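> Would you mind keeping the following structure in view while I ask a few things?
The values are calculated or read from the model by the stated rules, or taken from the named source; none is laboratory data. In this text the structure is predicted, and so the values were computed from the model without any measurement. Please note: Cβ atoms are built from the backbone with ideal geometry, for glycine as well, and neighbour counts cover all protein chains shown.
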Amino acid sequence: MEDTKPEYDVVVIGSGLAGLSCANMLARDGHSVLLLEQHHQLGGLAAWFKRKGGHIFDVSLHGFPAGMIKTCRKYWSPEIADMIVQLKGIRFDNPQFSFTTTFDREDFTRILRERFKIPQENIESFFNTARDMNFYDDQTMTTRELFEKFFPGHDDVVRMLMEPITYANGSTLDDPAISYGIVFSNFMSKGVYTVRGGTDKFIGEMQAELMRNGVDIRTKCPVEKIVIEDQKVSGVIANGKMIKCKAAVSNGNLKSTVHKLVGDEHFSGSFIEEARKVRLNNSSCQVYMGIKKGERIDYIGDLLFTSVAEKFDSIKLCSRNITSRTFSVYYPETRPGSDMYSIVSSTNANYEDWASLSEEEYRASKKELIESTLDALEKYIPGGRGKIDYVEAATPKTFQRYTLHERGASFGTKFEGLKISMGLHEEIPGLFHTGSVGIIMSGWLGAANYGVITSNDVDKYLRS
Ligand SMILES: Cc1cc2nc3c(=O)[nH]c(=O)nc-3n(C[C@H](O)[C@H](O)[C@H](O)COP(=O)(O)OP(=O)(O)OC[C@H]3O[C@@H](n4cnc5c(N)ncnc54)[C@H](O)[C@@H]3O)c2cc1C
């Protein structure tokens, strides 16, 4: 913090994909921007880490919709957009069905018609309804009701349509149908995409672009307070130092932003009451498995949605007694020039299930998580254990520790969080939030797009 300027137009707190995109757009608009990140690397949940044996693990690079290409081209650079490539082998394996798909409308239509015998007109009508949903629609219909309308009695179809989206953003059948429709349709337009070069290269390119655009970046700088004077934002305090600014954008957890970084006393009673009702989304567990240098594995698909549960059940999906896992397989092509393979298993999880354990129970549970995951992997890579020379696990506590998200929330808040996030600057001029909220603004694409939306609001405020 030593060589920061005494004052900036905007301070962006947090460098998740929303914070990064917001900072980049504001700098491009000609504002002076300071980006403060508490962790030692940028990216937030778009994270990677290196381990002995030459392993690099990606935390949240499993797949996102094609829309990310347009977002990166327009708001970042053509070079960053060109790193994005399609994943063609999306595999499902559970007691109800087992197949590989390209995860787009055409292939899903074929599967619904041929395998599940759904009439073509129902399929068309479902896809069109989901695609035409938007934020201003009726928000009372739930995803359960949406499925019931088009596929009554088909719990197998519900599983195929819902399980991957639950993995992707933690939503359940009881969330508003529009949050499902928007996210699902984004994927269905062209399938699932990833970054060639890995998260490290992607975020590295973004960092270089931010620097070219003049953003001042500081890592290991936790913001302790957003300072409010005369009922508007006047600065932030980070590492004990006050930096003046006209606007502050928090990319941290929405609830921590309101209740901790700002403080309830600065908001109206009715706003705080609404903010308290915002529910956080669930958290995650992961197991990172590195294949020994020199070993190889056959192609088994890129993304494997596996489950041994009889039916789709969003409560079971979060249970510590794991029945469902998503395996992401990273072949050497993920990082051209490398000859390494790695596999990351992800599971949705409840924070309380892990935070309530004693130290001893926690260690034992983590071990059990690793062992059961290695066992589950053997079905797809026989003898897989013998090829793995590095394994490590993350739990909701890990996610909380590295991102400061309350209860390790992986996908921000439930739907009601969006209104609170978007309403901050109406309560306190100069105060903004961006980042995973309301289900639709989460994931790589949702977060990056929300960063751009927030930057437009900040720009308007600064110019007014
Ligand atoms: C296990 C897992 C798998 C996922 N897989 C996918 C996937 O395959 N595809 C996909 O699209 N999405 C995926 N996601 C979701 C996606 O990664 C996130 O939605 C997205 O990256 C969130 O971006 P964000 O901008 O909301 O902020 P975050 O990534 O949450 O970052 C917030 C940043 O703010 C910083 N911060 C917080 N408080 C402070 C403070 N006081 N001072 C300074 N800095 C602070 C944090 O350190 C962090 O860097 C996954 C998430 C998880 C957990």
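> Is there a residue in the range 230-244 that is buried (at least 23 other Cβ atoms within 10 Å of the Cβ) and part of a helix (DSSP H, G or I)?
Checking the range 230-244: not a single residue is buried (at least 23 other Cβ atoms within 10 Å of the Cβ) and part of a helix (DSSP H, G or I).
> Here is a further query. Given the criterion part of a helix (DSSP H, G or I) and either touching a helix residue (DSSP H, G or I) at 6+ places or on another chain (Cβ under 6 Å) or crowded, with 24+ Cβ neighbours inside 10 Å (or both), identify the matching residue among T398, T454.
Residue meeting the stated conditions: T454.
> Determine whether the range 317-329 contains at least one residue that is at pLDDT below 95 and assigned to a helix (DSSP H, G or I).
Within the range 317-329, one or more residues are at pLDDT below 95 and assigned to a helix (DSSP H, G or I).
> A further question on this structure: What pairs come out if I take residues in the range 51-70 that are surrounded by fewer than 18 Cβ atoms within 10 Å (Cβ to Cβ) and pair them with residues that are assigned to a loop (DSSP other than H, G, I, E, B) and of a type in the set (D, E, K, R) whose C-beta lies under 6 Å away, six or more apart or interchain?
Here the result reads G54/K293, each pair linking the range 51-70 to a residue that is assigned to a loop (DSSP other than H, G, I, E, B) and of a type in the set (D, E, K, R).
> Sticking with this structure for a sec: Only one residue in E79, E2 is over 21 Å from K460 (Cα atoms), more than 8 Å from the ligand (Cβ to nearest atom), among the charged types (D, E, K, R) and modelled with pLDDT under 95. Which one?
The unique qualifying residue is E2.
> Right, here's the next one. Does L35 count as crowded, with 23+ Cβ neighbours inside 10 Å, within 14 Å of the ligand (Cβ to nearest atom) and over 28 Å from T334 (Cα atoms)?
Yes.
> Is there a residue in the range 264-277 that is at pLDDT 95 or above, crowded, with 20+ Cβ neighbours inside 10 Å and touching a Ser or Thr at 6+ places or on another chain (Cβ under 9 Å)? Can you show your working first?
Of the residues in the range 264-277, the ones at pLDDT 95 or above are 264-277.
With crowded, with 20+ Cβ neighbours inside 10 Å added as a condition, the list becomes 267, 275.
Filter once more, keeping what is touching a Ser or Thr at 6+ places or on another chain (Cβ under 9 Å): none.
The answer is no, given that none of the residues of the range 264-277 is at pLDDT 95 or above, crowded, with 20+ Cβ neighbours inside 10 Å and touching a Ser or Thr at 6+ places or on another chain (Cβ under 9 Å).
> Another question, if that's okay. What is the residue count in the range 348-381 for residues that are over 26 Å from the mean Cα position of the chain (by Cα), in a helix (DSSP H, G or I) and either at pLDDT below 95 or of a type in the set (G, A, S) (or both)?
Summing the residues that are over 26 Å from the mean Cα position of the chain (by Cα), in a helix (DSSP H, G or I) and either at pLDDT below 95 or of a type in the set (G, A, S) (or both) in the range 348-381 gives 1.
> Given the residues N213, N251, which is the only one that is within 11 Å of the ligand (Cβ to nearest atom) and not aliphatic (A, V, I, L, M)? Lay out the reasoning, then the answer.
Numbers: N213 fails: within 11 Å of the ligand (Cβ to nearest atom).
Only one candidate passes the filter, namely N251.
> Select the helices (runs of 4 or more DSSP H) contained entirely in the range 125-193, then report the ones holding at least 2 residues which are among the small types (G, A, S). Talk me through it step by step, then tell me what you get.
On the way: elements: 143-150, 155-169, 177-190.
Passing ranges, in order: 177-190.
> Just to be sure before I move on: is I217 in the same structural domain as H31 (by TED's automatic domain parsing), in a strand (DSSP E or B), surrounded by fewer than 20 Cβ atoms within 10 Å (Cβ to Cβ) and not aromatic (F, W, Y) in the structure I sent?
Answer is yes for this residue.
> Limited to the range 158-199, what total is found for residues that are more than 18 Å from I315 (Cα to Cα) and either within 12 Å of the ligand (Cβ to nearest atom) or of a type outside the set (G, A, S) (or both)? Even if it seems obvious, please write down each step before you answer.
Just the residues of the range 158-199 that are more than 18 Å from I315 (Cα to Cα), to begin with: 177-179, 181-199.
This time we only want the ones that are either within 12 Å of the ligand (Cβ to nearest atom) or of a type outside the set (G, A, S) (or both), so: 178, 182-184, 186-188, 190, 192-196, 199.
Of the residues in that region, 14 qualify.
> Out of the residues in the range 263-292 that are under 19 Å from N253 (Cβ atoms) and assigned to a loop (DSSP other than H, G, I, E, B), state the one that is farthest from the chain's Cα centre (by Cα).
Ranking the qualifying residues of the range 263-292, first place goes to F267.
> Let me ask you something else. If a residue must be basic (K, R) and either modelled with pLDDT under 95 or out of contact with any Leu (no Cβ under 8 Å at 6 or more places or on another chain) (or both), how many such residues does the range 241-263 contain? Show your work before the answer.
Let us first name the residues in the range 241-263 that are basic (K, R), namely 241, 244, 246, 255, 260.
Remaining after also requiring either modelled with pLDDT under 95 or out of contact with any Leu (no Cβ under 8 Å at 6 or more places or on another chain) (or both): 241, 244, 260.
Result for the range 241-263: 3.
> Go through (1) assigned to a loop (DSSP other than H, G, I, E, B); (2) of a type in the set (V, I, T); (3) farther than 30 Å from K244 by Cα; (4) within 13 Å of the ligand (Cβ to nearest atom) for V437 and report which single condition fails.
(3)
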